[in-house]
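Peer 1: Structure below; questions to follow.
The values are calculated or read from the model by the stated rules, or taken from the named source; none is laboratory data. A quick note: this is a predicted structure, and the numbers were derived from the prediction, not measured. Backbone-built Cβ (ideal geometry, glycine too); neighbour counts: all protein chains shown. Just so you know, the surface numbers come from the protein's heavy atoms only, side chains and all, with ligands and any DNA or RNA stripped out. Shrake-Rupley method; radii C 1.70, N 1.55, O 1.52, S 1.80 Å.
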Amino acid sequence: MDKNAKIYVAGHRGLVGSALVRKLQSEGFRNLVLRTSKELDLKNPAAVAEFFAQEKPEYVFLAAAKVGGIVANQSYPADFIYDNLMIECNVIHQAYLTGVERLLFLGSSCIYPKLAPQPLKEEYLLTGPLEPTNDAYAVAKIAGITMCRAYNRQYGTRYLAAMPTNLYGPGDNFDLEKSHVLPALIRKFHEAKSAGTDTVTVWGTGAPYREFLHVDDLADACLFLMNLAEKEFDSLLAPSPESPAPALINIGSGEEITIRELALLVKEAVGFDGSLVFDSSKPDGTPRKLCDVSKLHALGWKHRTRLEEGIRNVYQWFKETR
């Protein structure tokens, strides 16, 4: 991408979008188009059409989404599928109509079947039932991937879907009802330490494995993908023996840890001296969810932030912004 290219970051105030803006600005990209949800409702087809017709961005990072943890996904499944479907349909379609050169659609590794072989390869998409606790969100994201493929095939667009693993970083959601596991643990341990509580309760058995990626590493990977040479970028879009899952690529660390081990890392970073209690009456979710990132590694990108370091940095940010 040229440094003066007009780039639209959808969802620029969220965890992923804000990291993308930080990364783009640090690399010298200044012609960024940004709109808050109050300024532009991406669920409104007419508003999105007017925006794209006026701005005509050359590149689009589609990071806008309704996201949340197990509790939020179980409580508001209709909101998760409706909001995400509307955002994707409007942005992807208008990107096509206004001639966007490249679009990167951000999804989630929860698109893969609950019991898919590990690690999760891109071609495992739609090969089995989804995890019931977040199937509405996953179906919406699968629809976005399918839209990218369909528009590429029918209209010759160049849209790529990237599926990050579990993310964390500055700007995360620390609401105990709606957040993901890592920020929820940070808040729980911090509040327990502040209150002098003896124990912290962690949902589930602690046995499931999860993979985590710092959001700044994700932003770096996204810019890396958007800046690929024409031949390399196009090779990701069309089906081939080397790319059996076209227009889809995983982004992750390729490393996993149990929830119990994660809780112990957070406990150490926060400095909590009490003990852990695991509430096995609460759902564990998918037993294991490790992304196969060999395709991304083969292109020359790998993550940089170690989990222990990342947790310490995020906890520091959490304390400074409360």
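Peer 1: Can you put Thr286, Thr199, Thr127 in order of accessible area, largest first, using a 1.4 Å probe?
Peer 2: Details: Thr286 15, Thr199 60, Thr127 90 Å².
Order by accessible area, largest first: Thr127, Thr199, Thr286.
Peer 1: Once you order the gyration tensor axes a ≥ b ≥ c over the Cα atoms, which shape class does segment 182-222 get: rounded for a/c under 1.5, otherwise prolate or oblate by comparing a/b with b/c? Show your work: numbers first, answer last.
Peer 2: Numbers: a/c = 5.59, a/b = 1.76, b/c = 3.17.
Taking the square roots of the gyration eigenvalues as a ≥ b ≥ c, segment 182-222 is oblate.
Peer 1: Can I ask one more? Rounded, prolate or oblate: which one fits segment 2-101, using the alpha carbon gyration tensor with axes a ≥ b ≥ c (rounded when a/c is under 1.5, else prolate when a/b beats b/c, else oblate)?
Peer 2: Values: a/c = 2.53, a/b = 1.39, b/c = 1.82.
Here segment 2-101 falls in the oblate category.
Peer 1: If you don't mind, there's one more thing I want to ask. Give me the dipole magnitude in Debye, nearest 20, for the chain about the Cα centre, with unit charges on the beta carbon: positive for Lys and Arg, negative for Asp and Glu. Walk me through the intermediate numbers first.
Peer 2: Values: 36 positive and 39 negative charges, 60 e Å.
With only Lys, Arg, Asp and Glu charged at Cβ, the dipole is about 300 debye.
Peer 1: For a 24 Å ceiling on Cα separation, which of these pairs sit above it: Lys6/Lys319; Lys3/Lys231; Lys43/Lys141; Lys188/Lys319; Lys43/Lys282; Lys141/Lys267? Don't skip to the end; give the middle numbers.
Peer 2: Working: Lys6/Lys319 35 Å; Lys3/Lys231 20 Å; Lys43/Lys141 15 Å; Lys188/Lys319 13 Å; Lys43/Lys282 33 Å; Lys141/Lys267 33 Å.
Beyond 24 Å: Lys6/Lys319; Lys43/Lys282; Lys141/Lys267.
Peer 1: Can you tell me the relative contact order of segment 3-42? Whole percent, Cα pairs under 8 Å, sequence separation 6 or more. Write out the running numbers ahead of the final one.
Peer 2: Details: 40 pairs, mean separation 20.8, N = 40.
Across segment 3-42, relative contact order equals 52 percent.
Peer 1: Under the Karplus relation 6.51 cos²θ - 1.76 cosθ + 1.60, θ = phi - 60°, what is the ordered set of whole-Hz ³J(HN,Hα) values for segment 122-135, x standing for Gly and Pro?
Peer 2: 4, 6, 7, 4, 6, 9, x, x, 7, 5, x, 5, 9, 5
Peer 1: For Ala161, enumerate residues with amide H under 5 Å from its amide H, sequence gap 5+ or separate chain, H modeled in the peptide plane.
Peer 2: Close amide H contacts, sequence-distant or interchain: Phe105, Leu248, Ile249.
Peer 1: Can you list the residues, at least 5 places off or on another chain, whose amide H is less than 5 Å from the amide H of Glu131, using H built in the peptide plane?
Peer 2: Long-range HN contacts for Glu131: Lys114.
Peer 1: Report the far tail of the P(r) of segment 30-70, meaning the percent of Cα-Cα pairs longer than 12 Å. Provide the component values of the computation, followed by the final result.
Peer 2: Values: 555 of 820 pairs.
Of all Cα-Cα pairs in segment 30-70, 68 percent lie more than 12 Å apart.
Peer 1: Cα atoms only, segment 146-189: Rg and Dmax in Å?
Peer 2: Over segment 146-189's Cα set, Rg and Dmax evaluate to 17.1, 51 Å.
Peer 1: Between Pro119, Pro77, Ala95, whose Cα lies farthest towards the positive end of the dipole of segment 38-142 when Lys and Arg beta carbons carry +1 and Asp and Glu beta carbons carry -1, centred on the Cα centre?
Peer 2: About the Cα centre, the residue reaching furthest to the positive side is Pro119.
Peer 1: Got a sec? What order do Arg153, Arg312, Arg30 fall in by accessible area at 1.4 Å, biggest, i.e. largest, first?
Peer 2: Arg153, Arg30, Arg312
Peer 1: Which of the aspartates and glutamates could be linked to Lys302 by a straight reach, that is with a Cα gap under 19 Å, when you skip same-chain ones fewer than 8 residues away?
Peer 2: Of all the aspartates and glutamates, those that pass the test against Lys302 - Cα under 19 Å, at least 8 places apart if same chain - are Glu27, Glu122, Glu211, Asp216, Asp217, Asp220, Glu232, Glu255, Glu256, Asp292.
Peer 1: Determine the shape class of segment 132-250: with a ≥ b ≥ c the square roots of the Cα gyration tensor eigenvalues, call it rounded for a/c under 1.5, and otherwise prolate if a/b is greater than b/c, oblate otherwise.
Peer 2: The shape class here is prolate.
Peer 1: Place a +1 charge on the Cβ of each Lys and Arg in segment 226-307 and a -1 charge on the Cβ of each Asp and Glu, then give the dipole magnitude about the Cα centre in debye, rounded to the nearest 20. Provide the component values of the computation, followed by the final result.
Peer 2: On the way: 10 positive and 12 negative charges, 20 e Å.
For this selection, approximately 100 debye.
Peer 1: Provide the per residue accessible area, probe 1.4 Å, for the chain, rounded to a whole number of square angstrom.
Peer 2: Numbers: 14090 Å² over 322 residues.
Accessible area per residue: 44 Å².
Peer 1: Hey, what D do you get for segment 182-260 in µm²/s if you plug the Kirkwood alpha-carbon radius into Stokes-Einstein at 10 °C and 1.306 mPa s? Intermediate results must be reported in sequence, preceding the final value.
Peer 2: Working: Rh = 16.1 Å.
Roughly 99 µm²/s, to the nearest whole number.
Peer 1: Across every pair of different alpha-carbon atoms, what Kirkwood hydrodynamic radius in Å does segment 205-322 reach?
Peer 2: 16.7 Å
Peer 1: What aspartates and glutamates sit close enough to Lys56 to cross-link, taking a C-alpha to C-alpha distance under 16 Å and skipping anything fewer than 8 places away on the same chain?
Peer 2: List returned: Asp2, Glu101.
Peer 1: Please state the relative contact order of the chain as a whole percent: Cα pairs under 8 Å, 6+ residues apart? Working shown, then result.
Peer 2: Details: 597 pairs, mean separation 63.7, N = 322.
After rounding, I find 20 percent.
Peer 1: How high is the relative contact order of segment 1-75, in percent, with contacts defined as C-alpha pairs under 8 Å that are six or more residues apart?
Peer 2: Dividing the mean separation by the residue count of segment 1-75 yields 44 percent.
Peer 1: Provide the net charge surrounding Val9, with neighbours chosen by a C-beta distance below 14 Å and charges set as Lys +1, Arg +1, Asp -1, Glu -1.
Peer 2: On the way: positive: Lys6, Arg13, Arg22, Lys23, Arg30, Arg35, Arg102; negative: Glu27, Glu39, Glu55, Glu58.
Summing Lys and Arg as +1 and Asp and Glu as -1 gives +3.
Peer 1: Excluding Ala269 itself, calculate the net charge of residues whose Cβ lies under 10 Å from the Cβ of Ala269, where each Lys or Arg counts +1 and each Asp or Glu counts -1. Show your work: numbers first, answer last.
Peer 2: Values: positive: Lys267, Arg312; negative: Glu268, Glu308, Glu309.
Summing Lys/Arg as +1 and Asp/Glu as -1 gives -1.
Peer 1: Work the Kirkwood hydrodynamic radius out for segment 81-168: mean of 1/r over every pair of different alpha-carbon atoms, inverted, in Å.
Peer 2: 13.6 Å
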